[in-house]
Structures are given as C-alpha cells and as structure tokens.
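**Q** First the structure, then my questions, so here it is.
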Amino acid sequence: MGQTIFKIEDMTCGHCEKTVVKALAAVLPGSAVTIDLAARKAFVEGDAVLAEQAIREAGYTPVREV
C-alpha cells in the first residue's frame, strides 16, 4: 500500500480540508495524509479503497490520479 493522490475539486476551503483529514484519520489511523488545498489534492498513505470511501462519505468527490 503506497501513496495515492486524489483530486478533490469540491474541497475548496480550510473547513473542507479539515473534514477530509478527519474522515481519513478515522479509517486510516496513523497513516500519512497531506493536503494541497491550492491544487485541491490529497496525498494519502494506506488503503486507497478505504480512503476513497471515507472521502465520499464525508461529502466530497475524489478522483484517483494515476
């Protein structure tokens, strides 16, 4: 399980960022999560399927980048 990059177009502000980080921390405790709000990207270490599901359940639309 390496790093997955998600483009999250509807993550537009600091509140959105905190919501995404909180959702990811709940399903991937201890995993590295980095957010680039300006680029609207999340860099996630760990299970990509769990991460994508958590982001969706938080109300956002993640798109995995290759």
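**Q** For the stretch 8-18, give me the residue count where each residue is open to solvent by 50 Å² or more (accessible area, probe 1.4 Å) and under 14 Å from Val63 (Cα atoms).
**A** 2
**Q** When the residues of the stretch 9-46 are filtered to those that are touching a Lys or Arg at 6+ places or on another chain (Cβ under 9 Å) and among the polar types (S, T, N, Q), which remaining residue is nearest to Glu65 (Cα to Cα)?
**A** Per the stated criteria, the residue is Thr34.
**Q** Looking only at residues that are part of a helix (DSSP H, G or I) and of a type in the set (Gly, Ala, Ser) in the stretch 34-66, which one is farthest from Glu9 (Cα to Cα)?
**A** Ala48
**Q** Going through the stretch 4-18 one residue at a time, which ones are assigned to a helix (DSSP H, G or I) and among the hydrophobic types (A, V, I, L, M, F, W, C)?
**A** Cys16
**Q** Need pairs with beta-carbon distance below 8 Å; first residue in contact (Cβ under 8 Å) with a residue 12 or more places away in the chain and of a type in the set (Gly, Ala, Ser) and within the stretch 47-63, second part of a strand (DSSP E or B) and open to solvent by 70 Å² or more (accessible area, probe 1.4 Å); sequence gap 6+ or separate chains.
**A** Partner pairs satisfying both residue conditions: Ala48/Arg64.
**Q** While we're looking at this one, here's another question. Could you please find all residues in the stretch 19-33 being in a loop (DSSP other than H, G, I, E, B), of a type in the set (A, V, I, L, M, F, W, C) and surrounded by 12 or more Cβ atoms within 10 Å (Cβ to Cβ)?
**A** Correct list: Leu28 only.
The values are calculated or read from the model by the stated rules, or taken from the named source; none is laboratory data. Keep in mind the model is a prediction, meaning the values are calculated, not measured. Quick reminder, even Gly has a Cβ in these numbers, built from the backbone with ideal geometry, and neighbours come from all protein chains shown. Ligands, DNA and RNA are excluded from the accessible area calculation, which covers all protein heavy atoms including side chains. Shrake-Rupley method; radii C 1.70, N 1.55, O 1.52, S 1.80 Å.
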